[in-house]
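Only one structure is covered here, and it is reproduced in the block below.
The values are calculated or read from the model by the stated rules, or taken from the named source; none is laboratory data. Since this is a predicted model, take the numbers as computed values, not measurements. Cβ placement follows ideal geometry from the backbone for every residue including glycine, while neighbour counts extend to all protein chains displayed. What goes into the accessible areas is simple: the full protein's heavy atoms, side chains included, and nothing from ligands, DNA or RNA. Shrake-Rupley method; radii C 1.70, N 1.55, O 1.52, S 1.80 Å.
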Amino acid sequence: MMRVLFTVNPDKSVFLSMVPLAWALRAAGHEVRVASQPGFAGIITQAGLTAVGVGRDTDVFGRIKDQHPEEYDAQRARLPQPYEAATLTPEQLDWAAMRDGYQHVLRFWHKHDNFPSTAELVTFAKAWRPDLVIWEPTTYSGAIAAKACGAAHARLLWSIDVFGVTRDRYQRLRGDRTEDPLADWLGGYARKYGYPYDEDMVTGQFTIDPLPDSMRMDAGLERVPMQYVPYGGPAVVPKWLWTAPERPRVAVTLGITATERFAGYAADVREILDAVADLDIEVVATIAASEQHRLTRIPDNTRVLSFVPLQALAPTCAAVISHAGPGTFLTTALYGVPQLTLPWDFDEPELARRAAEQGGTLVIDANRATGQVVRESLLRLLREPRFAERAGVLRDELRALPSPGEIVGRLEELTVKYRTASR
């Protein structure tokens with residue numbers, strides 16, 4: 001039996017993507033804990049997992065919104081430097097811009113996310129002695145704690161690996177230069193807790209990746225592929241979903257981050273619903289309760305709800321309109337449903353671009369997603385068979401990946417390999 005510690009900053013959508021692997025490890029007989037800020041414990045225990053509250057509660061994006069409103073929008077719109085480098089060609093890369101980008105995201109993001117929890121997380125890890133620490137790519141405190149207690153440790157990706165690819169490109173460009181803001185920051189913790197700095201504090205000793213080969217980013221790291229398993233929190237399947245729809249069903253879902261963290265959806269939902277109101281389709285729009293007042297009327301062909309479990313809704317749909325959030329995208333893709341994506345935040349534009357290249361998806365930037373443009377693209381998805389065909393190919397690729405339960409044995413092997421080397 002292993003002891004496995006998951007670490008995550010208090011981001012609900014990120015945590016939900018980690019839950020199926022935690023369940024799989026528990027089902028295999030391993031002891032599992034999930035560490036995060038104390039105020040996040042309710043989300044963790046609601047998923048049937050054991051929480052460990054470490055440090056104090058902070059709201060990084062709330063602080064940015066209040067103190068640096070200009071940074072608030074910048075954090076939302078597409079990939080900031082240095083992570084934009086993951087999407088550029090080698091000729092477009094600029095080492096100084098990447099260095100400054102690391103300084104920027106450390107100052108406004110990563111330090112504020114990790115500092116409040118790191119000391120207590122290390123204390124807990126030294127006391128509990130996990131064999132393996134699994135951390136999502138921005139919870140660097142997980143790597144710090146793993147090194148401090150001699151555990152093996154791995155990153156669990158929730159989307160394309162912009163963090164790993166950016167790091168690889170930065171290191172290649174850096175050459176003999178000594179400036180490395182991220183290594184300097186993490187190296188300070190290494191010295192504090194008595195071990196040498198290593199690049200695995202940035203990218204893990206290995207990486208668990210739910211993206212299929214046709215869409216993933218390759219950072220040249222040791223990788224464990226894993227099939228994405230949808231989990232969106234507690235849910236009840238409504239009775240109207242028990243039977244097949246009489247008309248083609250189209251879901252509209254723009255995620256939870258836009259309303260829980262930011263000021264609202266990047267696309268105009270009301271305009272989109274009005275634009276497809278006369279089509280012979282059934283529209284199911286999951287709109288946060290806080291945003292429903294913006295809908296002055298609900299078209300006759302539309303059902304508006306605050307939440308429907310997407311893993312139950314997507315299989316009944318002919319198409320899904322979404323923001324290209326990785327959880328939403330991958331859940332829909334698992335059922336071979338064509339998608340129209342309206343990306344805006346962080347990794348969404350690049351994920352959507354890769355999905356469009358695969359062939360089962362159309363993409364419209366959220367700031368260009370007028371009702372008419374969305375209508376025309378939706379009709380293409382519904383009328384042109386090639387989109388359903390390519391979505392079926394992606395479905396098969398995703399389902400060919402090993403499930404969380406099937407990779408447990410590989411995680412056990414890697415834990416022995418890396419834990420033995422570090423203890």
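All of (1) more than 17 Å from ALA366 (Cα to Cα); (2) at pLDDT below 95 hold for GLU282 with one exception: (2).
In the stretch 3-40, which residues are assigned to a helix (DSSP H, G or I), open to solvent by less than 30 Å² (accessible area, probe 1.4 Å) and more than 27 Å from GLU412 (Cβ to Cβ)?
Filtering the stretch 3-40 down to residues assigned to a helix (DSSP H, G or I) leaves 12-27, 38-40.
Then keep just the ones that are open to solvent by less than 30 Å² (accessible area, probe 1.4 Å); that gives 14-22, 24-25, 40.
The one that is assigned to a helix (DSSP H, G or I), open to solvent by less than 30 Å² (accessible area, probe 1.4 Å) and more than 27 Å from GLU412 (Cβ to Cβ): PHE40.
For the stretch 383-410: of the residues being in a helix (DSSP H, G or I) and touching a Pro at 6+ places or on another chain (Cβ under 6 Å), which is farthest from PRO20 (Cα to Cα)? Here the answer is PHE387. Within the stretch 161-213, take every residue that is hydroxyl-bearing (Ser, Thr, Tyr) and open to solvent by 10 Å² or more (accessible area, probe 1.4 Å) and give me the one that is nearest to ILE134 (Cα to Cα). Taking the candidates together, the pick is THR203.
As for the stretch 108-126, it holds at least one residue that is in contact (Cβ under 8 Å) with a residue 60 or more places away in the chain, within 18 Å of the chain's Cα centre (by Cα) and either open to solvent by 10 Å² or more (accessible area, probe 1.4 Å) or farther than 19 Å from PHE163 by Cα (or both).
Tell me, yes or no, whether the stretch 152-175 has at least one residue that is among the basic types (Lys, Arg) and more than 22 Å from the chain's Cα centre (by Cα).
Yes, the stretch 152-175 contains a residue that is among the basic types (Lys, Arg) and more than 22 Å from the chain's Cα centre (by Cα).
Among strands (runs of 3 or more DSSP E) entirely within the stretch 264-329, having at least 3 residues that are surrounded by fewer than 20 Cβ atoms within 10 Å (Cβ to Cβ) singles out 302-305.
Results for (1) aromatic (Phe, Trp, Tyr); (2) modelled with pLDDT of 95 or more; (3) within 18 Å of ALA145 (Cβ to Cβ), shown as yes or no for each residue.
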| residue | (1), (2), (3) |
| --- | --- |
| PRO80 | no, no, no |
| ARG99 | no, yes, no |
| GLN103 | no, yes, no |
| TRP109 | yes, no, no |
| LYS126 | no, yes, yes |
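For GLY220, indicate whether it is at positive phi and not hydroxyl-bearing (Ser, Thr, Tyr). Yes. The single condition from (1) open to solvent by less than 40 Å² (accessible area, probe 1.4 Å); (2) touching a residue at least 60 places away in the same chain (Cβ under 8 Å); (3) not in a strand (DSSP E or B) that ASN367 fails is (1). With respect to the stated conditions, ALA85 is in contact (Cβ under 8 Å) with a residue 40 or more places away in the chain, more than 30 Å from PRO20 (Cα to Cα), open to solvent by less than 10 Å² (accessible area, probe 1.4 Å) and in a helix (DSSP H, G or I). Of all residues in the stretch 340-356, exactly one satisfies the criterion of being modelled with pLDDT of 95 or more, surrounded by fewer than 24 Cβ atoms within 10 Å (Cβ to Cβ) and farther than 14 Å from MET217 by Cα, namely ALA356. The residue pairs whose first member lies in the stretch 335-360 and is within 22 Å of ALA400 (Cβ to Cβ), whose second member is of a type in the set (Ser, Thr, Tyr) and assigned to a helix (DSSP H, G or I), and whose beta carbons are closer than 6 Å, counting only pairs six or more residues apart or on different chains, are GLN339/THR332.
Residue count for the stretch 181-208, restricted to those that are of a type outside the set (S, T, N, Q) and either over 25 Å from the mean Cα position of the chain (by Cα) or assigned to a loop (DSSP other than H, G, I, E, B) (or both): 15. Please pick out the residue among GLY371, GLY392 that is of a type outside the set (Ser, Thr, Tyr) and modelled with pLDDT of 95 or more. Result of the check over GLY371, GLY392: GLY392. On inspection, VAL337 passes the criterion of being in a loop (DSSP other than H, G, I, E, B), crowded, with 22+ Cβ neighbours inside 10 Å and of a type outside the set (Asp, Glu).
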